[in-house]
Amino acid sequence: MNFTDISNHLGRFTVGIAGAGGLGSNCALALARSGIGRLVIADFDVIDRSNLNRQFYFADQVGMKKTEALRMNLDRIGSNTRVDAFNIMLNPGNISTIFKDCQIIIEAFDRADMKEMLAETVLTLWPGRPLIMGSGMAGYGMSETLKVRDLGDNLYVCGDEQTEISDDLPPMAPRVGIVASMQANLAIELLMKME
């Protein structure tokens, strides 16, 4: 199967991304470059200068809403991916509306409580729909520790599931980018098996 065949197949699907920071912005970039038909992205944050070391944003976008800047940046790469961006904080009440048309949902939050809320909500609403989460990507090196784990019931985790972000172990572009690409790669793998 050549790239045109793959992107034509992927062009029929919609992927939801909860969060537009390091994981979400880089995952969206990989999916758009691969030919995903539609991305539904939700985040409520604005770009800070401290985000530029690992997120798919630029210095002149500092202060912009992440969802708006990400849509602009994805448009600039020339992909045919339609981007629906929601500048909103996700909660159990709005997830069902925002991600209702998505065949796969990708979790890209920083906070553990938000990760838990999204997982509980998505797995309750759509038990047959894959949810791809990220956990454990702080620091640098240790590439061999990064993996994809199938937890069953359409729940997957990408990362090492251990390294937590701290002052001594900050999020760095290489490991964050690797995990974001693992999430995108798994989404593509799962979508290529769907009719």
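The values are calculated or read from the model by the stated rules, or taken from the named source; none is laboratory data. Note that the structure is a prediction, hence the values are computed from the model and not measured. Neighbour counts run over all protein chains shown; Cβ positions are idealised from the backbone, glycine included.
Each residue in region 86-136 was checked for being within 16 Å of the chain's Cα centre (by Cα) and modelled with pLDDT under 95, and 3 pass.
Annotation: S181 fulfils all but one of (1) in contact with a strand residue (DSSP E or B) (Cβ under 7 Å, 6 or more places away or on another chain); (2) closer than 26 Å to S50 by Cα; (3) modelled with pLDDT of 95 or more; (4) surrounded by fewer than 22 Cβ atoms within 10 Å (Cβ to Cβ); the unmet one is (1).
Considering (1) touching a helix residue (DSSP H, G or I) at 6+ places or on another chain (Cβ under 8 Å); (2) assigned to a helix (DSSP H, G or I), the lone condition that T4 does not fulfil carries the number (1). Answer with yes or no whether N73 is under 17 Å from the mean Cα position of the chain (by Cα) and modelled with pLDDT of 95 or more. Yes, satisfied. Reported count of residues in region 2-42, each being over 11 Å from the mean Cα position of the chain (by Cα) and on the phi < 0 side of the Ramachandran plot, is 19.
Looking at region 72-102 only, could you name the residues that are surrounded by 18 or more Cβ atoms within 10 Å (Cβ to Cβ) and assigned to a loop (DSSP other than H, G, I, E, B)? Scanning region 72-102 gives S79, T81, L90, F99, C102.
Among the residues of region 154-176, the ones that are surrounded by 15 or more Cβ atoms within 10 Å (Cβ to Cβ), in a loop (DSSP other than H, G, I, E, B) and of a type in the set (D, E, K, R) come to 2 in all. Taken residue by residue, region 40-48 has no member that is surrounded by fewer than 23 Cβ atoms within 10 Å (Cβ to Cβ), in contact with a strand residue (DSSP E or B) (Cβ under 9 Å, 6 or more places away or on another chain) and at pLDDT below 95. Within region 108-128, the only residue that satisfies the criterion of being surrounded by fewer than 16 Cβ atoms within 10 Å (Cβ to Cβ) and among the basic types (K, R) is R111. Here V15 fulfils each of the conditions (1) touching a residue at least 60 places away in the same chain (Cβ under 8 Å); (2) out of contact with any Lys or Arg (no Cβ under 9 Å at 6 or more places or on another chain) apart from (2).
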